[in-house]
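Shown next, in C-alpha cells, is the structure this report addresses.
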Amino acid sequence: MKFGEYLKNRRTEIGWTQPDAAAKAGIEQSYLSKLETGKSFPSEDVYQRLVEAFSLDTEAMVAALYPAELDRLREIEAVRKHLLEREHNTRSTTRRWLYAGLAALVAGGALVGLAQIERGGAATHYTYQSYGVVRPGESDDIFDDNPARADEQTISIPDMRGPAYTETVPEGRRMWHLVGANAVLVPAKFAWALIPGFALIIGGLGCFFISRRRP
C-alpha cells in the first residue's frame, strides 16, 4: 500500500473531510491532498502532526506500506526506528533458520555415514558338526565304539576354521568337522539410520530455502 492511500483510508475511517483533517493536523488542505495522492511525502514535523491528528500507529503503517514507500519515509525517525528493528529481527530469524539447517545437515550426514559402516550383504557361513564331548582319557574314536555316548551338535559360523578343529569344554573336548558351507544374507547393522538421516538432510535444505525466501 502507498503512504497516501494509507493516510486517506485512515481519514475516511475517522469520518473527516479533507479540510477537516488538514485543520486537525495544522497543515494546508492542498498539502494534505498532495500527501494523499503521493505527490509529496511528509517531513519529520508534519509526520508528527499526522500521528497526533490521525492517531497513526507507526508499526502498523510500516507493516502495511510497500518497501518503496518506506524508503521515501526512512528519514522520519519513528519510521526509521521500526525499519531498523524489523531488519534486525529478520536477520536474527534468518540466522536461526541457517543454523538449524546446518545442524540438520550435519546430523543427517552423520546418520547416513553411520549406515554405510556395515552395509551388510551376502556372506559365507561354514557348517561344522560334532558327535559329542570326548572326556579326559577317552580316544577320539569313542563314539564309534560307544554310539550311545554320542551327543551330536551342528553349528554355523562366519569364519573358516579348517577341515576340523578342537574346542575345549568343561567336560573335556569337542571335535568339530566341516560338513558344508552356504551363503547367507547379513542385514546392515545400522540400516535404520538411513531414513532419519535423509529426512534430516531434506529438512536442512528446507531450512536454507526458507531462510532465502524470508523478506
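Bear in mind that the values in this text are calculations on the coordinates, not laboratory data. The model shown is predicted, which means the values in this text are computed figures rather than measured ones. When we count neighbours, we look across all protein chains shown, and the Cβ atoms used for this are built from the backbone with ideal geometry, even at glycine.
Simple rule: put +1 on each Lys or Arg Cβ and -1 on each Asp or Glu Cβ in the chain, find the dipole, and look at 129, 83, 1; the Cα lying farthest toward the positive end is 1.
Neighbouring Cβ atoms within 10 Å as the yardstick, rank 202, 117 fewest first. Each step should come with its number before you reach the end.
Numbers: 202 13, 117 10.
Placing the least packed residue first, the sequence is 117, 202.
Working from the Cα coordinates of the stretch 3-75, the gyration tensor eigenvalues give, after taking √(5λ), semi-axes of 18, 13, 11 Å in decreasing order. The angle between the Cα long axis of helix 194-213 and the main principal axis of the chain comes to about 10°, on a 0 to 90 degree scale.
Kindly state, to the nearest 0.05, the FRET efficiency for residue 31 paired with residue 1, given R0 = 25 Å and r defined as their beta-carbon distance. Before the final figure, lay out each step's value.
On the way: r = 21 Å, r/R0 = 0.82.
FRET efficiency, residue 31 to residue 1: 0.75.
Taken about its Cα centre, the stretch 125-186 carries a charge dipole of about 220 debye when Lys and Arg each add +1 at the Cβ and Asp and Glu each add -1 at the Cβ.
Order these by the 10 Å Cβ neighbour count, fewest first: 20, 159, 71. Kindly include the intermediate steps, with their values, before the conclusion.
Values: 20 14, 159 7, 71 11.
Ascending Cβ contact count within 10 Å gives the list 159, 71, 20.
Over the C-alpha trace of the chain, radius of gyration and Dmax come out as 41.9, 127 angstrom.
Note on the chain: helix-only mean residue ellipticity at 222 nm, from DSSP H runs of 4+ residues weighted -39500 (n - 2.57) and normalised by residue number, equals -17000 deg cm²/dmol. Shown here for the stretch 141-215: trypsin sites (Lys or Arg not before Pro) in loop regions (DSSP other than H, G, I, E, B) with at most 11 other Cβ atoms within 10 Å, of which there are none. For the chain, the number of Lys pairs separated by eight or more positions or lying on different chains, with C-alpha atoms closer than 23 Å, is 9.
Note on the stretch 125-186: Rg/Rh from Cα positions, Kirkwood definition for Rh, rounded to two decimals, is 1.03.
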